[in-house]
1. Could you count how many residues in the stretch 225-239 are at pLDDT 85 or above and outside any loop (DSSP other than H, G, I, E, B)?
2. If you check 67, 25, 57, which single one turns out to be outside any helix (DSSP H, G or I), in contact (Cβ under 8 Å) with a residue 60 or more places away in the chain and touching a strand residue (DSSP E or B) at 6+ places or on another chain (Cβ under 6 Å)?
3. Being hydroxyl-bearing (Ser, Thr, Tyr), closer than 19 Å to residue 223 by Cα and touching a helix residue (DSSP H, G or I) at 6+ places or on another chain (Cβ under 9 Å) is true for just one of 165, 188. Which residue is that?
4. Filter the stretch 28-52 down to the residues that are of a type in the set (A, V, I, L, M, F, W, C) and not in a helix (DSSP H, G or I) and list them by number.
5. Residues of the stretch 139-169 being open to solvent by 80 Å² or more (accessible area, probe 1.4 Å) and either farther than 17 Å from residue 245 by Cβ or of a type in the set (Val, Ile, Thr) (or both), which ones?
6. Confirm whether residue 120 is in contact (Cβ under 8 Å) with a residue 12 or more places away in the chain, on the phi < 0 side of the Ramachandran plot, open to solvent by less than 20 Å² (accessible area, probe 1.4 Å) and basic (Lys, Arg).
Amino acid sequence: MPNKHFYHIGFGQDDLGSLPPSIALLSGDPERSRLIAQTYLQDVRLLSENRGLNSYLGFLPNGRPILSATSGMGAPSLSIVVNELVQVGIEQIIRIGTCGSIQPHIAVGSVVISNAALCRQGAANDIAPVEYPAAADPFLTVALVKAAQELKVDYHLGITASVDTFYEGQERTDSANPNLMRSLRGITEEYRQLNILNYEMECGTLFKMAGVYDFAAAAICGVIAGRIVSENIILEQRDKAVKNAIAIAVHAAAIFESAN
């Protein structure tokens, strides 16, 4: 829709120039979006800081345009941003996030690449039925795996539990609410037995939107908590995990763009 600034993201198609991007790197944290743009992209231009949903237009080293955008925390916010990004012409989205591992072999500081999600999210139910698969795009996911291998980063590929809440939904009891509902007590062990790798809060809805809206989506998360031993985020490993996830996603975008 030319000349239309979208209400939430704060920009429209005309702001993307004569060579608009088809791919976006999507982060929940506006500071991460800014870091990606200023550190990993070239000739960066700020598109909007509307509502803290910072968006930047830049270029990969191969000269292809790319967007670094912010989804906000959680699936409801992400669903709004993704809907508007698709309307301005974005065809591929790589989510770059953080997560807690629930498998003993997944160390804090490594990354998880999600090929599908167990989706326990209310926003997703407005997009498609509960039974609708929440699956990542295979080609974009392979690009993430290839990038991780080329950058020699410790990565894990598998299924993610995508839930709506950080505390109760991820079976955290060290919070303002230590009294979890019976349906959530023991759920982490149950998911572990199902070979689910990690908890996060957005990719299930993103994957369902991709299927319904017909765009390609993938997700990579830096592991910042090891839920086998603790509920807490390991701050000493957070920056390493996030930087690894960003570097892989940027490299994967270049791989994908070069192949298409």
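1. Of the residues in that region, 5 qualify.
2. The match here is 25.
3. Only one candidate passes the filter, namely 188.
4. Result: 41, 44, 46, 47.
5. Answer for the stretch 139-169, where residues must be open to solvent by 80 Å² or more (accessible area, probe 1.4 Å) and either farther than 17 Å from residue 245 by Cβ or of a type in the set (Val, Ile, Thr) (or both): 139, 142, 167.
6. Numbers: in contact (Cβ under 8 Å) with a residue 12 or more places away in the chain: yes; on the phi < 0 side of the Ramachandran plot: yes; open to solvent by less than 20 Å² (accessible area, probe 1.4 Å): no; basic (Lys, Arg): yes.
For residue 120, the condition - in contact (Cβ under 8 Å) with a residue 12 or more places away in the chain, on the phi < 0 side of the Ramachandran plot, open to solvent by less than 20 Å² (accessible area, probe 1.4 Å) and basic (Lys, Arg) - is not met.
Every residue, every condition in (1) over 19 Å from the mean Cα position of the chain (by Cα); (2) open to solvent by 10 Å² or more (accessible area, probe 1.4 Å), yes or no:
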position: 15; (1), (2): yes, yes
position: 18; (1), (2): yes, yes
position: 22; (1), (2): no, yes
position: 42; (1), (2): yes, yes
position: 45; (1), (2): yes, yes
position: 52; (1), (2): no, yes
position: 68; (1), (2): no, no
position: 77; (1), (2): no, yes
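Conditions (1) over 30 Å from residue 15 (Cβ atoms); (2) of a type outside the set (Gly, Ala, Ser), marked per residue:
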residue	(1), (2)
82	no, yes
100	yes, no
120	yes, yes
129	yes, yes
133	yes, yes
141	no, yes
163	yes, yes
182	yes, yes
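The values are calculated or read from the model by the stated rules, or taken from the named source; none is laboratory data. Since the structure is predicted, the reported quantities are computational estimates derived from the model, not experimental observations. We place every Cβ from the backbone using ideal geometry, glycine too, and count neighbours over all the protein chains shown. We work out accessible area using only protein heavy atoms, side chains counted, and drop any ligands, DNA or RNA first. Shrake-Rupley method; radii C 1.70, N 1.55, O 1.52, S 1.80 Å.
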